[in-house]
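The values are calculated or read from the model by the stated rules, or taken from the named source; none is laboratory data. This structure is a prediction, so every number in the text was calculated from the model and none was measured. Every residue, glycine as well, gets a Cβ built from its backbone with ideal geometry; the counts of neighbours run over all protein chains shown. In case anyone asks, the SASA skips ligands and DNA or RNA and just uses the protein heavy atoms, side chains included. Shrake-Rupley method; radii C 1.70, N 1.55, O 1.52, S 1.80 Å.
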Amino acid sequence: MSREARITLLVLVALVAGAAVAFGAPHVLSDYFVRIILLIALNAILVLALSLSNGFTGVFSLGHVGFIGAGAYISGILSIPVQQKMALLPHLPAFLHAFSLPFLPATLVAGLLTALLAVVVGYPLMRLSGYFVSVATMGFLIIVNVVLINASDFTRGARTFTGVPLETTLPWVMGWLAITLFVLARLVYSPFGRAMKAVRDDTIAASAVGIGVLRTRLIAFVTGAFFSGVGGSLYAHYLGSFSPNTFYFALTMSLITMLVLGGMGSLTGAVVGVVCVSLLSEVLRTVERGLTIGDFAVPALFGASQIVLGFIFILVMIFRPKGIMGDRELTFGLTQGSATVNQTEERKR
Amino acid sequence: MTQLDFILQQIVNAVSLGSLYALAAVGLSIVFGVLKLTNFAHGDVMMVGAFGVALLAGIGVPFPVAVICGIAAAAVTGFLIERIAYRPIRDAPDVARLLTSLAVTYIIENVGILVFTSSPRNFPLPDILNTSWEVSNGAITFTSINLLTIALTFVSLLLLGWFITRTTTGLGMRAAAEDMSAAQLVGLNVNRLIVVAFIVASAYAGLAGILWAAQAGVVQPQMGFTPLLKAFVAAIIGGFGSIAGALVGGYILGALEIFIVAFLPSAVSSYRDAIVFAVLIAFLLVRPGGLLQPNREIKL
């Protein structure tokens, strides 16, 4: 079997396992655990979308949450039921009042419009690199935030945007996660994926062998933005109501923590990072609320979980800057013997 | 109120706001100059300075003493940040250091929330600084704190100018900013210079934070965020890493913000921050070295 075929097989196995979880979990597990699995899968989509540019192409974007926010609002505006739209968003243009889209089409439109936005934004910004692009994309995030707060005809401004039908269920999120993983795996482990890594590792050498640096970066950026928009739509339909500050620096920070902790050059690493950070912050959040061990009562410490996460992040930066997985993929032995695995094994020694 | 008075009033506002931005941007530029590190935690060091003053003045310490202690607290915070977080990863790639400083921001902010809760507190400004002044029959007004901000900016920047051009340590800092390994080769203690740079930058952050809180009238743990972003834009407009650039950028940004609000229709001016950050992106694209360093190269 070729390497590409093995990866496809692996993704298919993951798909079946995911489907089993998606449809089995609600019958077996408590609502609390189902909610945690759903949030992990949702964050995995968002982090995977981020990994494409930040990890594989080396364009460290701090602005992807802007795309998530755009996706959430677009999907929300499209799918609020017609009879509520008049009351909630009275100043919408007439044609937007006339219809309301079901969940799937709204999500697709949100993803596509977000990708379009990424083309417009990415075309100038993908010329930058290193810390310049981080700063510029952060500027983009702030601009999105200001627009969301001020375009109150569409977004209700800084007030809570509400009325979005709660349609995000575990099978939906697992389905989209499978699609995201599949598309990204095909993209990353293909000739184009090698072009992306070449651009990341040495821009000049990459352009010397004829790889279009701008084109490669732009495709990665736009694909990532599409899945960010989709993830934003899922997020919107999970929360039901949100505000511009839902999609700002706090979310950026937590997604980046997940990505960096898991390993930026690895798809499964991204998922591992999401699982670790999500479980850890769930535990820390319990501690934060205060708990009693025997006679010893720990008072509520608000903000403590964020401090611990911050310290873990710094420790990872110091002692394991490539994250838990680095460039390796978690393959459960299925792709053993392939070139990449051997190389990383050697690098470890 | 005549047209001229209106314009003069806006200029007064712009100079006052610009001084604040310049003061905040200077510290960011000192650190970037020496370490090539974008120190996101700068805004939180400002917060530490402001909280120090609020707490000390709140328990009855005389205001000037509280200000000096606040600046000292900020300087100590900067020193600790450098020791604990930045020194171990000094040779790491740019992005790793950027992320570390984001994590530091996150930690300090949440420690602030843990200790002080996230609700805003009053900043205890003495009455003497709260008085307002009127010129031209009340057409132009400003407060003592506006004047003090402008004055302190000039005095402290003259002091900084003296420090980096006339003292051995200051010259050493400039040498390290120019070429770290060459500075090490000629026998300069680079570690010590970096520590000094952090302490000086954080002291400026403390001063800027105190003045910022004095103008806003409140302190809260998240207050460092907005000034950090503004200082950042100012530093990039002027030329990141250059102290004169931070000054120029601060005043340009102050003027830009005031004039957007004063002269553009309200439908546009509510997008002020979006316009400011669009200017930032434009600068990064067209003139990444800022106004004062037009020739700095940028790689695709």
* Size of the A/B contact, given as accessible area buried on both chains, probe 1.4 Å, in Å² -> 3700
* To do: Taking H placed 1.01 Å from N in the peptide plane, check which residues at least 5 places from B:THR143 or on another chain put their amide H under 5 Å from its amide H.
  => B:TRP133
* Kirkwood hydrodynamic radius (Cα pairs, Å) of segment A:1-131? -> 18.1
* Dipole moment magnitude, nearest 20 debye, the protein assembly as shown about Cα centre, only Lys, Arg, Asp, Glu C-beta charged -> 1160
* Structure fact -> Interchain or sequence-distant (5+) residues whose placed amide H lies within less than 5 Å of the amide H of A:PHE161 are A:PHE242, A:SER243
* Structure fact -> Projected onto the charge dipole of the protein assembly as shown (unit charges on the beta-carbon of Lys, Arg, Asp and Glu, signs +1, +1, -1, -1), the Cα from A:LEU315, B:ALA201, B:VAL53 with the largest positive-side position is that of A:LEU315
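Test of understanding: express the Cα radius of gyration of segment A:213-297 as a ratio to 2.2 N^0.38 Å, with N the residue count. Show your work: numbers first, answer last.
Working: Rg = 17.1 Å, N = 85, 2.2 N^0.38 = 11.9 Å.
Scaled against compact globular proteins, the figure is 1.44.
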* Asked: Scattering from the C-alpha atoms of segment A:19-67 alone, worked out with Debye: what is log10 I(q)/I(0) at q = 0.23 1/Å?
  -> -0.78
* Structure fact -> With Cα coordinates, the longest principal axis of chain B makes an angle with the long axis of helix B:144-166, in degrees rounded to 10, of 20
* Kirkwood hydrodynamic radius of chain A from all distinct Cα pairs, in Å? -> 21.2
* Asked: Percent relative contact order of chain B, based on C-alpha pairs within less than 8 angstrom and at least six residues apart?
  -> 36
* Structure fact -> Total charge of the residues flanking A:LEU88 in space, meaning their Cβ is under 12 Å from its Cβ, with Lys and Arg +1 and Asp and Glu -1, is +2
* Give the range of the longest stretch in chain A that excludes all chymotrypsin sites (Phe, Trp or Tyr not before Pro) found in loop regions by DSSP and having at most 16 other beta-carbon atoms within 10 Å. => A:100-301
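Give me the percent of accessible area attributable to carbon and sulfur for chain B, probe 1.4 angstrom. Spell out each step's value before the answer.
Working: 8450 of 12670 Å².
Ligands and nucleic acids excluded, carbon and sulfur give 67 percent.
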* To do: In whole angstrom, note down how far apart the Cα centers of segment B:1-27 and segment B:156-179 are.
  => 28
* To do: Name the residue, out of B:VAL219, B:VAL190, B:VAL31, whose mean-square fluctuation peaks in a Gaussian network model built on chain B with Cα pairs under 10 Å.
  => B:VAL190
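Per residue Cα convex hull volume for segment B:45-201, in cubic angstrom?
Values: hull volume 26.2 nm³, N = 157.
Hull volume over Cα atoms, normalised by residue count, gives 167 Å³.
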* Chain-alone versus full-assembly comparison, segment A:119-157, residues with accessible loss of at least 50 Å² (1.4 Å probe) -> A:LEU128, A:TYR131, A:PHE132, A:VAL135, A:MET138, A:ILE142, A:ILE143, A:VAL146, A:ASN150
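With N denoting the number of residues in chain B, provide Rg(C-alpha) divided by 2.2 N^0.38 Å, to two decimal places.
Numbers: Rg = 19.3 Å, N = 300, 2.2 N^0.38 = 19.2 Å.
For chain B, the normalised Cα radius of gyration comes out at 1.00.
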* Seen from all sides and averaged, what is the projected area of the convex hull of the Cα atoms in segment A:132-226, in nm²? -> 8.6
* Asked: Taking only protein heavy atoms and a 1.4 Å probe, what accessible area per residue, in Å², does chain B have with all protein chains in place?
  -> 42
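So for the protein assembly as shown, Kirkwood radius off the Cα pairs, Stokes-Einstein at 4 °C and 1.567 mPa s: how many µm² s⁻¹?
Numbers: Rh = 26.3 Å.
For these conditions, the coefficient is 49 µm²/s.
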